[in-house]
Structure formats: C-alpha cells, structure tokens
1. How much length is gained on full extension from Thr152 to His39, taking 0.36 nm per residue of separation minus their Cα-Cα distance?
2. Using packing as a proxy for protection, rank 129-140, 57-68, 108-119, 25-36 so that the peptide with the highest average count of other Cβ atoms within 10 Å comes first.
3. For the stretch 255-265, just list the computed ³J(HN,Hα) in residue order, Karplus coefficients 6.51, -1.76 and 1.60, θ = phi - 60°, integers in Hz, with x standing in for Gly and Pro.
4. How much length, in nm to one decimal, is gained on full extension between Ser197 and Asn65, taken as 0.36 nm per residue of separation minus their Cα-Cα distance?
5. Which residue fluctuates most in the GNM of the chain (Cα springs below 10 Å): Ser189, Ser197, Ser179?
6. Could you tell me the center-to-center distance, by alpha carbons, between the stretch 188-222 and the stretch 32-59 in angstrom?
7. Assuming 0.36 nm per residue, please report the length gained on full extension of the stretch Leu246 to Ser102 beyond their Cα-Cα distance.
8. In debye to the nearest 20, how big a dipole does the stretch 161-265 give about its Cα centre with +1 on each Lys and Arg Cβ and -1 on each Asp and Glu Cβ?
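Here, each number is a calculation from the coordinates, and none is a lab measurement. Predicted model only: the values in this text are computed from it and were never measured. Methodologically, a virtual Cβ is constructed for each residue, glycine included, from the backbone with ideal geometry; neighbour enumeration extends over all protein chains shown.
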Amino acid sequence: MNKILIIGVLYLFSQNISAQIGGISGSKLTSVNYDVVPHHIIEFEPSFSFSQTNKYWDNNGELKNLYNSTDSISNSSSVQLRFTYGLFNKLEIGVTVPTDISTSSWGFKYILYQETKVGISLIGGLNIPLGNSVQDNKIRTAENTIQAGIGTAFSFQQNENLSFDFNIQYNNYFEKLNSTQSSSIYISSDAGYYIFSKTLQLIASIGYQKHNFDTIDKYLVTLNSGVTIETGKNYIIVLNMPVDILGKNIEKSFGLGLALTLAIE
C-alpha cells in the first residue's frame, strides 16, 4: 500500500505545472520591475538553478516524506538563457529557453504609466513546447499544449536605495488538458535595498502560485532571499536562495540560483 501511495504521489508531482511569463527583464528575484530594456539594447542572461526535495504537502496541507526512505532525496538542476530586446522606449520583447530547447517562453512588457516614484506595466506572453520527446498529439498535455499569460508589474521607488516590485499574472492553456489542469495564478512581491554606493542590493521576496485542477487544489508559498552585485557598467550578478514554506499537493523544495545579466549595445 505504501509503494502504491508513493508511486501515486510521484506521478502527481511529475505532471508539469505551468510556467510564468518568460523573456522579460527584472531588477530583483521573483518579481519583474515595471521598467523596460532601453531602446535598441539587448539583455542576455544565462542562469543556473539547483533544487532538492524529499518532502511534500498532501491534500490536507500536511508535510509528508516523499520517499519510503528518509535517506532518499531528489535533486534537480537546469540552465536557462534569456534574450530581451528594447524594441521601443516603452516596449521590450524577449524569449527564455532551457539549454535543451525543449520549450520556449516568449514575453513582452509595455509601460502603461510612470512618474518619479511609481510605474505600472502590462506583461504577457506565450509558453510554447518545442519537444525533444515522442508525443501523441491526440492526448493534450502540458508538454504539447501552448499556454498564454497576462499580468501586470507595479514598482514603487521609496527613495534612491529602497524599492518594491509587485506582480500578478494569470496563465491558461489554449486547449483542455487530459490531466484536468487548467489555469494558474502567480502573485509575488520583492523588496530591494542598495548599500555600498548602490553596488550591492539586498533583496527579500515572497511568491504565491495556485494551479487549478478539476479535482484537487495545488498551491505553493515560497520565500526568496538574495543579492544583486552591480559593480560593473554592463553586467549584473544575481544570487538567490528560494525556500518553500507552505503548500498543498506539491513538493517542498530548497534551491539555489545564479544569473549573469549582460547589456549589449
């Protein structure tokens, strides 16, 4: 019975949950800021992420062991590449792809409103599966179905050192999936504070994601902390450490991330 339960849990978690809007620029960790890449400038950002887990939250929100043995642990790592172009003064477009090119996330950010301390942008995009696997196109899954997303990015500049970003976005598939998964909602907020003459930014963020299924609820709350190192003129180094703190029908993970953002004229 325990083996059947574990297999069922692993199958549940193996279903690919929807991704957020990709290809757009940001200045912190989880949330993107309202501003766009300058006109005719390209941002290139390779990023590396690592996470591990051996626990999950069940349907009652209780934390359980993912495997029969407490010595077992699941490790996951990935490398992604982001290309973002400043198409106009208020509009950027871009794409994020993993190194195996199994999927692509195309996005845009358009400034709706900006003044000295406040900025608001519209964000949107498409997550398009590309393959690297044998699939039956008659069976609709997250691996062969296009997903669209729309949302907003809000930024507030308290002073020259302290700023806040807030995002909310809604994602949905173009067709109904066989897994009963449909839409997703993402909400996140980041706070950043510059020290050492604005060469180092300390960042804390919190993110919430809810994935809607016909039969179950699936949500996750994640705390993220990190820094941006901005000692150079045309590059930024980003280090972060996300930790899941609350969830339902989803894995509990701890992760590390590293990204290098390059501005190319």
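1. Length difference between fully extended and current span is 38.6 nm.
2. Numbers: 129-140: 11.2, 57-68: 13.2, 108-119: 14.7, 25-36: 24.2.
Packing order, densest peptide first, comes out as 25-36, 108-119, 57-68, 129-140.
3. My calculation for the stretch 255-265 gives x, 9, x, 9, 9, 10, 9, 10, 9, 10, 8 Hz in order.
4. Length gained, Ser197 through Asn65: 43.0 nm.
5. Highest fluctuation of the listed residues: Ser197.
6. That distance is 11 Å.
7. Length gained, Leu246 through Ser102: 48.9 nm.
8. It comes to approximately 120 debye.
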